[in-house]
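The values are calculated or read from the model by the stated rules, or taken from the named source; none is laboratory data. Keep in mind the model is a prediction, meaning the values are calculated, not measured. Every residue, glycine among them, receives a Cβ derived from its backbone with ideal geometry; neighbour counts consider all protein chains shown. Side chains are part of the model used for accessible areas, which takes the heavy atoms of the whole protein and leaves out ligands, DNA and RNA. Shrake-Rupley method; radii C 1.70, N 1.55, O 1.52, S 1.80 Å.
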Amino acid sequence: MAILMNGIALRNRILNELNNYINKTGIKPKLTAILVGDDSASKLYVHNKEKYARIAGIETDIIRMSSDVNTETVIRQIQKLNADKTVTAILVQLPLPKHIDTNAVINAVDVSKDVDGFTDKNLGHMFGSGRDFIMPCTPRGILALLNEYKINIPGKKAVIIGRSNIVGKPMAQILMMHNATVTICHSHTPNISQFTKSADIVIAATGKITITGDMLKPGAVCIDVGMQRDATGKLHGDMDFDSCSSVAGYITPTPGGTGPMTIAGLMMNTVDLATKKT
Ligand code: GUN
């Protein structure tokens with residue numbers, strides 16, 4: 001039976017440590033989130049970010065904009081926040097409504113306040129020099145979880161399923177920086193199990209596929225970033241928990257694994273940006 005990787009316990013410890021650090025140093029981090037439209041999942045995410053920021057001692061503000069705003073209006077709002085000295089971190093909740101130019105909006109955020117690390121400028125640092133970059137929140141949280149459970153990364157075979165800008169691509173880069181051998185699979189990859197069967201670390205981030213225990217190497221580290229709901233509305237990940245946990249060495253539960261660690265990553269990024277400013 002796999003060891004459960006408890007994201008809630010580690011998130012709580014990290015928030016507590018950040019709170020102590022903020023009190024000790026007197027930095028004044030402030031995270032402002034922009035929420036466009038009323039997608040129920042996005043509203044819940046932003047609500048959670050506000051809740052856990054408070055626990056870490058981070059000031060937050062949410063700017064809500066109606067779903068029919070245009071790209072220019074969102075960009076003007078971001079420019080105001082760029083100029084506001086009290087705001088140290090800006091987060092644009094994704095996805096944005098379809099008519100909005102997401103790329104233009106993301107890149108309107110000043111790189112010094114880019115808490116998600118999604119701007120081209122930050123990604124240029126991450127994929128280029130490898131210096132002075134913000135690690136996107138989910139990969140940062142996952143890296144902290146791998147460290148917590150003393151998972152050795154150098155030389156290991158890591159298979160990432162999903163190639164998003166939010167998880168798959170930055171996760172691959174971070175694991176390569178830690179000297180893993182990385183394979184990315186995606187919706188056009190035939191026979192994904194041929195890759196997962198030899199993987200020491202499997203990271204699934206699709207929201208669509210199901211990984212079963214027979215697709216895994218015994219003892220594999222399984223990190224599940226997927227979010228799916230079954231017919232009864234119950235939340236589960238991309239991994240069939242029962243069959244995977246009987247083969248894996250370590251596994252994240254859903255909920256309670258990578259979700260809380262994404263929040264922890266966001267709060268660590270917020271504190272890092274505020275620290276650089278002072
Ligand atoms: N939507 C899903 N994940 C994320 C994330 O990490 N950051 C933002 N801004 N939006 C998201």
Item checked: Packing rank of 27-37, 54-64, where each peptide gets the mean count of other beta carbons within 10 Å, highest leading -> 27-37, 54-64
Notebook entry, point to check: How many nm separate the modelled label positions at ARG76 and LEU235, each set 7 Å beyond the Cα in the direction of the Cβ?
Noted result: 3.6 nm
Next item on the list: Give me the distance in nm between label points sitting 7 Å out from Cα along the Cα-to-Cβ direction at ASP110 and ASN165, one decimal.
Entry: 2.1 nm
Next item on the list: Please tell me the relative contact order of the chain in percent, rounded to the nearest whole number, where contacts are Cα pairs under 8 Å and at least six residues apart.
Entry: 24 percent
Next item on the list: Take the chain, connect every pair of alpha-carbon atoms lying under 10 Å apart with a spring to form a Gaussian network, then pick out the residue of ALA41, ALA199, ALA231 with the largest mean-square fluctuation.
Entry: ALA231
Margin query: Just to be sure I understand: of the beta bridges DSSP finds with both ends in the chain, what percent are antiparallel, rounded to 5?
Written below: 5 percent
Next item on the list: Please identify, among VAL87, VAL182, VAL69, the residue showing maximal mean-square fluctuation in a Gaussian network model of the chain using a 10 angstrom Cα cutoff.
Entry: VAL69
Notebook entry, point to check: Tally Lys and Arg at +1 and Asp and Glu at -1 over the other residues with C-beta under 12 Å from the C-beta of THR60: what net charge comes out?
Noted result: +1
Margin query: Going by average Cβ density within 10 Å per residue, which order do the peptides 101-113, 259-271 take, highest to lowest?
Written below: 259-271, 101-113
Next item on the list: Kindly report the accessible area of segment 12-73 per residue (heavy atoms of protein chains, probe 1.4 Å, no ligands, DNA or RNA), in Å².
Entry: 57 Å²
Notebook entry, point to check: By how many degrees, 0 to 90 and rounded to 10, does the Cα axis of helix 40-56 deviate from the longest principal axis of the chain?
Noted result: 80 degrees
Check: What part of the accessible area of the chain, given as a whole %, is carbon or sulfur when the probe is 1.4 angstrom?
Finding: 52 percent
Notebook entry, point to check: Quick one: net charge of ARG163's neighbours, Cβ under 15 Å, K/R +1, D/E -1?
Noted result: +1
Check: TYR149 to ALA41: FRET efficiency via 1/(1 + (r/R0)^6), r the Cβ-Cβ distance, R0 41 Å, to the nearest 0.05?
Finding: 0.90
Note to self: At a threshold of 8 angstrom on Cα-Cα distance, excluding pairs fewer than six apart, so keeping six or more, what relative contact order does segment 130-278 reach in percent?
What the structure shows: 24 percent
Notebook entry, point to check: Which residues in segment 253-273 place their backbone N less than 12 Å from a point set 7 Å from the Cα of LEU4 along the Cα-to-Cβ direction?
Noted result: 253-257
Margin query: Give me Rg/Rg_expected for segment 23-92, where Rg uses Cα atoms only and Rg_expected = 2.2 N^0.38 Å with N residues.
Written below: 1.18
Item checked: Per-residue [θ]222 nm for the chain (sum of -39500 (n - 2.57) over DSSP H runs n ≥ 4, rounded to 500) -> -13000 deg cm²/dmol
Notebook entry, point to check: Roughly how many Å² is the accessible area per residue of segment 211-263, as a whole number, for a 1.4 Å probe?
Noted result: 40 Å²
Check: With axes computed from alpha carbons, what is the tilt in degrees of helix 137-148 against the longest principal axis of the chain, rounded to the nearest 10 within 0 to 90?
Finding: 50 degrees
Check: Around ALA199, what is the net charge, scoring Lys/Arg as +1 and Asp/Glu as -1 over all other residues with Cβ under 10 Å from its Cβ?
Finding: +3
Margin query: List residues of segment 248-269, by number, whose backbone nitrogen lies under 17 Å from a label position 7 Å along Cα→C-beta of LYS197.
Written below: 248
Notebook entry, point to check: Between SER67 and TYR21, what length in nm is gained on full extension when 0.36 nm per residue of separation is reduced by their alpha carbon distance?
Noted result: 12.8 nm
Note to self: Could you report the accessible area of HIS188 in Å², rounded to 10, computed with a 1.4 Å probe on the protein chains as they sit in the structure?
What the structure shows: 140 Å²
